[in-house]
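Enquirer: I am attaching a structure below and will ask some questions about it afterwards.
The values are calculated or read from the model by the stated rules, or taken from the named source; none is laboratory data. Because the structure is predicted, anything quoted here is derived from the model rather than measured. Virtual Cβ from ideal backbone geometry, glycine too; neighbours counted across all protein chains shown.
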Amino acid sequence: MARRSTVHDPRIADGPGLSATLDAADFDTPPPRRPRRGGWSGGGGRWLVWTGRIILWALIAVILVNGVRAPFERFTQQESASPAGVTPANKGFPAEQGMSFAAQFAGVYLNFNPDDAASRSRKLAAFLAEGMDPQMGWDGFGRYAAVAIQPYDIEVADAHNAVVSVAFQSGPRRLMLSVPLYSSGGEAGRRFVVAGRPAILPAPAPAQLPQVAEPETDDATAAELKPQLEGFFKDYADGDTAGLQRYVAAGKSLPSFAGAFTFSQLKEVVVPVGGATREIQAVVVWAVPNGDVPATPSATDPAAVGGTLEQVYRLTVEKQGDKWFVADIRGGGRVLG
């Protein structure tokens, strides 16, 4: 009995077993990809494009912020420099130059006598506007003299107009002259003219000096210092440099009067309680010469004695060893004691 062959013939359709015919679907489906390890899955140089965009937008943002902030800062700075309602000093009027001009005018205006009327008129012309009275209200009679003329105060109306107060002395009286001025603003604010008639006014009364408590004094040290100070002031007046240095503290050097005055008397020494360095006051009487003849305080002839002038000094004294020495000398304040 013959056996059937088990070998499948591919030519036989619908036969059992595996078919050797290829399915088209096998070609349409791509093979699965294996995952990549590391790196960025972006395509090509796309990451460079995004980085550039980020930098560009950041730059644009900085430019916009600075562009908005700069005008705002300038505006706020201007506001802080010139707050609303605040005007420049003296409202723009050149006060210092104007006060000097007024004081110079006062020196001419406040001094007159009939013998000098024509000269005064010519001098006043340098200060007056055209067409003003050349004598500024003086009728040509009487005499007046003023000294110690100094600018005192100014009241500014605006950038062109002000009234200057000038202090002066006439005889025993201290007075004020009020001078109206106009400034044209030309030549850097140095052009002025007297804008109207001046007015003489009383000066302010002297201030009331309050009483102060007297300090505790060291009379024993004052007695110890007095002979030292007498020698010091004698050489201080005479200008004896070598002699003066004997009374001056080590390492210090003081100028002298070099004979301008003659020492007459050490009237008072006020020494406060303290240590080896103290600030004291000394009341000194100087002999003032009569003319070119030096004063001689011990002379019996009044003409040779000359005059006297009492003054107050502050001295810094230091005790070195068993002696006191002068370290500094200045003008005194209020006399204490």
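Enquirer: Confirm whether residue 140 is surrounded by 11 or more Cβ atoms within 10 Å (Cβ to Cβ), in a loop (DSSP other than H, G, I, E, B) and on the phi > 0 side of the Ramachandran plot.
Expert: Spelling it out, residue 140 is indeed surrounded by 11 or more Cβ atoms within 10 Å (Cβ to Cβ), in a loop (DSSP other than H, G, I, E, B) and on the phi > 0 side of the Ramachandran plot.
Yes/no matrix, rows are residues, columns are (1) surrounded by 12 or more Cβ atoms within 10 Å (Cβ to Cβ); (2) out of contact with any His (no Cβ under 6 Å at 6 or more places or on another chain); (3) modelled with pLDDT of 95 or more:
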| position | (1), (2), (3) |
| --- | --- |
| 180 | yes, yes, yes |
| 186 | no, yes, no |
| 190 | yes, yes, no |
| 200 | yes, yes, yes |
| 206 | no, yes, no |
| 211 | no, yes, no |
| 214 | no, yes, no |
| 233 | yes, yes, yes |
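Enquirer: Here is a further query. Contact list please: Cβ distance under 8 Å, first residue in the stretch 77-104 and closer than 15 Å to residue 184 by Cα and part of a helix (DSSP H, G or I), second residue among the charged types (D, E, K, R) and at pLDDT 55 or above, pairs at least six apart or on different chains.
Expert: From residues that are closer than 15 Å to residue 184 by Cα and part of a helix (DSSP H, G or I), the pairs are 91/158; 92/158; 97/190.
Enquirer: Okay, next question. Of all residues in the stretch 170-186, how many are more than 14 Å from residue 200 (Cα to Cα) and assigned to a strand (DSSP E or B)?
Expert: 3
Enquirer: In the stretch 106-113, is there at least one residue being farther than 16 Å from residue 178 by Cα, modelled with pLDDT of 90 or more and either assigned by TED's automatic domain parsing to the domain that holds residue 169 or of a type in the set (Gly, Ala, Ser) (or both)?
Expert: The answer is yes; a qualifying residue exists.
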